[in-house]
Ligand code: NIG
Ligand code: FE
């Protein structure tokens, strides 16, 4: 087969090759390192991964492009499997409150937080939302991210805004090199209007919103913010079971982010693809997730920014055989950064994950968190050619030298899209 692009002499080629699906027993941290690696690509797919030269059945011609990987580290394109990409405004006005010790849930209860981003998002046009998210996607790409999950959730009861967020994500998926996978998250806050009767709003989500989002084919996943004074376990269960069984959405939960409510246990009971956050997940919740093969999508940037001193027990989760993905949670409140490389350093330096566990979390396990483990997330023949070339001599260096961007080039579906 003809190669259109070849990356050769790669000092550290981290393939993540092996069992595709972490739920089938691949131990987190086996990264498939190849020294003096070579990757051959035909159009958008990988056709060869190995060491040294090319086998004789790979043809090259005058149009084949070569990239030299000497002194570099190459990984699969990074996957950011939890973001609130599309939104209006920003919330730097919360910083001074936070420094005085006002908590995230206190700001939310006083009508700020998510409610203030709701207002900014409702007031933003399609083009304004598009331009802002487009800029964020450029930033994400510059850090090596090639696939992003994007949630709605700033329209809430204003369903037109929910739909506008999802339409923006759909259009960006068509226009931008980074792939976007969408999640409907109408259940992101209890609208002030329904404060005394939240079940009425749950009924609206179930009866009116889910069927319309499905009809317009605007989301693959459905997510709920299951939290003290937000959606209860019972309400979360109602929404997600209906989303899954009646409309075929794949369920996810913002689980045990602040208070230990039993979100992890619920994710196992429902059969969610992921439970996200899990800062306060119980031992029983972690066990239940391991038994059911639920992926823990941990978001250390959020813990860092909430400044409450708690991080998800990701090391324990891995020890208990829960596959761990790592994402930014990029949003204007609890984690205003698009920098997945910084979040990787937090995962290692604060959660104590090894660099191998971390890179697994942002590649194959991130892909699995989006149900895309057969297409992306590792460098294997037949998968999409999504790769990052880091100007770093090895994996440890990327994580240890934190807070700066190590990306040199990004290849998305066989095309050089960032350098
Ligand atoms: O994942 N917890 C709920 N949602 C986001 C925060 C959204 C916001 O504060 O605007 C999160 O932390
Ligand atoms: Fe989130």
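Taken together, the values in this text are just the output of simple stated rules run on the coordinates, not laboratory data. Small disclaimer: the values here were computed from a predicted structure and weren't measured. Virtual Cβ from ideal backbone geometry, glycine too; neighbours counted across all protein chains shown.
Below are the figures for this structure:
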quantity	calculated
Peptide ranges 127-138, 382-393 listed from the most packed, as the mean C-beta count within 10 angstrom indicates	382-393, 127-138
Relative contact order (%) - criterion: Cα under 8 Å, at least six apart; region: segment 84-140	54 percent
Spin-label pair residue 95/residue 396, simplified geometry with 7 Å Cα→Cβ offset, distance in nm	3.5 nm
Cα-projected label distance for residue 173 with residue 70, points at 7 Å along beta-carbon direction, nm	4.2 nm
Simple label model, 7 Å out from Cα along Cβ direction - residue 216 to residue 308, nm	3.2 nm
Sorted by Cβ neighbour density within 10 Å, fewest at the top, the residues 84, 401	401, 84
Fraction of alpha-carbon pairs over 20 Å apart in segment 158-270 - percent	41 percent
Zone of residue 416's modelled label, taken as backbone nitrogen in segment 138-163 under 19 Å from a point 7 Å along Cα→Cβ	141-146
Convex hull volume of segment 238-295 per residue (C-alpha atoms, cubic angstrom)	65 Å³
Span from the segment 53-125 Cα centroid across to the segment 390-413 one, whole angstrom	16 Å
1, 97, 185 arranged by Cβ crowding within 10 Å, fewest neighbours leading	1, 97, 185
Shape box of segment 15-122 [Cα atoms, principal axes, largest first, Å]	67, 37, 27
Cα-Cα P(r), the chain, percent of pairs per 10 Å interval	5, 24, 33, 24, 11, 3, 0, 0
Relative contact order computed over the chain (Cα-Cα under 8 Å; 6+ residues apart), in percent	21 percent
